[in-house]
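The values are calculated or read from the model by the stated rules, or taken from the named source; none is laboratory data. As the structure is a prediction and not an experimental result, all values here were calculated from the model. Note that we place each Cβ from the backbone using ideal geometry, even for glycine, and neighbour counts take in every protein chain shown. Accessible surface areas use protein heavy atoms only, side chains included; no ligands, DNA or RNA. Shrake-Rupley method; radii C 1.70, N 1.55, O 1.52, S 1.80 Å.
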Amino acid sequence: MLPLTYAIRNLFRDKSRLAQTVGGSALVVLLVMAAAALNGGMKQVLSASGSARNAILLGAGSEESIQRSEIAERTAGIASAAVAGVSQTLGSPAVSTEIHYMTYLEVAGKSKAQALFRGVTPAALQVHPEVRLLEGTFPQAGEVMVGKLAFRKLGLKPGDLTPGTSALLDGSHVTISGVFAAPGTVMESEIWAPLSDIRMLAQRETVSCVVLRLDDPDDFAEADLFSKQRLDLELTALRESDYYAHLANFFKPLRIMTWITAGLVAAGAIFGGLNTLYAAFASRIKELATLQAIGYTRTAILASLIQESVLASLTGTLVASAAALVLLDGRTIPFSIGAFTVTITPGIALLGIVTGVLLGIVGALPPAFRCLKPPLPSALRS
């Protein structure tokens, strides 16, 4: 076998070609890591947003969008009395009546943008126990409470939505009463307001849904039976986890597009890298033939060329990993129903390393085979 120092020394024979190889590898690895982080972040936030213990009662035919659902407000009282297995907190059933409404919020002197509003009562905290008030108070009439990632959805800076800040909600003045967290869920980018305020704003007499907190996920059968028996209410029952799973499938084409985009750019970079290595190895045919003449086998020379290519691509992987940590890790990305945070996990870092190694091997094989293919006498005369 040729010593590793031979491959390392050859890396620096042409610094411009080394820079091209490292840059191309870094671009491909960075794109693969970005696609994996974006897909993972979106999938994670949607899968974590629904609880198997929550049953949603919404209008029949509105299973794909709570915002389009309309049911009678009296449904909450009827369901809490009729459905067995509803959790109780200090003797009060964990039943939340909600209106989900998309509209515009304008912070004084800042941008105006659309956000998802959820009209709620204090009972919402019983069915969504992951919600924690970070500062301020639960909203009263004329107030709203914002998720800690709502600023990103509204295109604002962190700190623009602090308690006491005034804003315009569809032309009406409101005050931010508090900031809440709901780690890893889409609720962190929502804005909550009193149910009565959102009802007046949406000019509707119905509500979007009723959420029941069950003692056990298996009690969902009771809620499903209730929705099928009360035909007069025109209801359908869904597990909250199933609802967000449907949303995850809805966004699947978008996630696939990110992989396709990364794949197309990666293919272009690979072809560019192949051309660079073809040029680099072709100029060394006589040198490689000399190595064969003094006793090194073609397999040993091929291994050395692969080592050289892998070292260059791993250097690019190192650059890409550093760029991913600086540019992507911790970034909040908005999408239509909320926002998610991009995280460079150990799994994504490992994916980047595997991609870099594969790039080095796949990129080196075709030019290496081409340079080692000629018979030894012709290669020595080239």
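In table form, for the structure just shown:
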| item | result |
| --- | --- |
| Members of segment 114-128 that are surrounded by 15 or more Cβ atoms within 10 Å (Cβ to Cβ) and closer than 19 Å to Gly338 by Cα | Ala115, Leu116, Phe117, Arg118, Gly119, Val120, Ala124, His128 |
| Selected residue [in contact with a Cys (Cβ under 9 Å, 6 or more places away or on another chain), surrounded by 15 or more Cβ atoms within 10 Å (Cβ to Cβ) and over 30 Å from Met187 (Cα atoms)] from Ala379, Ala364 | Ala379 |
| One residue from Asp197, Asp218 being at pLDDT 90 or above, in contact with a strand residue (DSSP E or B) (Cβ under 9 Å, 6 or more places away or on another chain) and open to solvent by 20 Å² or more (accessible area, probe 1.4 Å) | Asp197 |
| Matching residues in segment 28-65 - criterion: being hydrophobic (A, V, I, L, M, F, W, C), open to solvent by 10 Å² or more (accessible area, probe 1.4 Å) and either touching a Lys or Arg at 6+ places or on another chain (Cβ under 7 Å) or at pLDDT 85 or above (or both) | Leu30, Leu31, Val32, Ala34, Ala36, Leu38, Met42, Ala52, Ala60 |
| Pair list, Cβ under 6 Å, 6 or more apart: segment 79-103 residue among the charged types (D, E, K, R), other residue assigned to a loop (DSSP other than H, G, I, E, B) and surrounded by 14 or more Cβ atoms within 10 Å (Cβ to Cβ) | Glu98/Ser208 |
| From the options Gly164, Gly159, residue that is surrounded by fewer than 19 Cβ atoms within 10 Å (Cβ to Cβ), more than 28 Å from the chain's Cα centre (by Cα), small (Gly, Ala, Ser) and farther than 30 Å from Leu90 by Cβ | Gly164 |
| Candidates Ile260, Ile270 - the one that is under 20 Å from the mean Cα position of the chain (by Cα) and part of a helix (DSSP H, G or I) | Ile260 |
| Qualifying positions in segment 77-102 - among the aliphatic types (A, V, I, L, M) and surrounded by 23 or more Cβ atoms within 10 Å (Cβ to Cβ) | Ala79, Val83, Ala94, Val95, Ile99 |
